[in-house]
Amino acid sequence: MIDTVKRPSFKEDALYKHIADTYFYQKNRPKFKKKKDIPPLNDLARVSMVSLALVVSLAILITMFSFSRRSYTDAVKKRIVGMKVIAILNKGSINRDLINTIQFRGYAKAGKSSIFKGMIILNNPQKYNWADMSIDFRFPIDVSSRDLSLSFRGNTGGEKINIVLRDTNNRSFRMDDISVPYNWSNKTIPLKKRGSNIDLTKVDHLRIETGYVGESASQKDSLINIMIYVKDINLIKEM
């Protein structure tokens, strides 16, 4: 006769589970977030005061610089009114008191245009594409009683340039096809009779544009590398 194996009673199972839960079960420890250190109120106040002082100091410096620059500009404006000759470019040296920006644009940037010692070189390697030297003044200039004088020459002679003046209302007039000689020469251009379409008392921009040399039929499709050398640009008061 085979004896059947006695199964443990329900109460015994419960007892064993209780013992296991009591002595062998480990509870997960609760996670505690680390508290961030909060700076004392005194430190926050000190940092805020230092930051505010820096901002105020910077604002004062900017204001003083702007006022100083504006005062200097006003002094320059008053000084040039009575000057017989206002030099925009003098032996290749730029009048920084008068000029805000001077730049080469169009194909003048792609060529050999540069501000060289003693002169400015305006180069246009593509005769049928535009190229110019652009000058923006720091403030409007009254040229109503002045002549424009240039000292310049061309690389081959016979090059053509256009001179453009523009006023503060963005109105302009153009002096076309000014012939440039091979040797250094001075050319004076009266402005009084030419500026009927703009306000000559408020001119803020001048530029020199390159044209092209006349060519024969065999040269029509060839490239002509235009080089203009400019040494002086002056505004001369009429006598």
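Quick note: the coordinates plus some simple rules give every number you see, no bench work behind them. These figures come from a predicted structure and were not determined experimentally. Using ideal geometry, Cβ is built from the backbone for each residue, glycine included, and neighbour counts are taken over all protein chains shown.
Things worth noting here:
- Likely footprinting exposure, Asp74, Asp232, fewest C-beta neighbours within 10 Å first: Asp74, Asp232
- Contour minus Cα-Cα distance for Asp176 and Ser71 (0.36 nm per residue): 34.0 nm
- Residue-count net charge about Asn95 - beta-carbon cut-off 13 Å; Lys, Arg +1, Asp, Glu -1: +1
- Each of Glu238, Glu159 was scored by other Cβ atoms within 10 Å of its Cβ. Listed from fewest to most, they are Glu238, Glu159.
- Violating pairs (Cα-Cα greater than 30 angstrom) within the set Lys84/Lys112; Lys91/Lys160; Lys78/Lys187; Lys78/Lys160; Lys112/Lys192: Lys84/Lys112; Lys78/Lys160; Lys112/Lys192
- Additional length obtainable on full extension of the chain from Lys117 to Val81, 0.36 nm per residue less Cα span: 10.1 nm
- Of Lys193, Lys160, the sequence from fewest to most neighbouring Cβ atoms within 10 angstrom is Lys193, Lys160.
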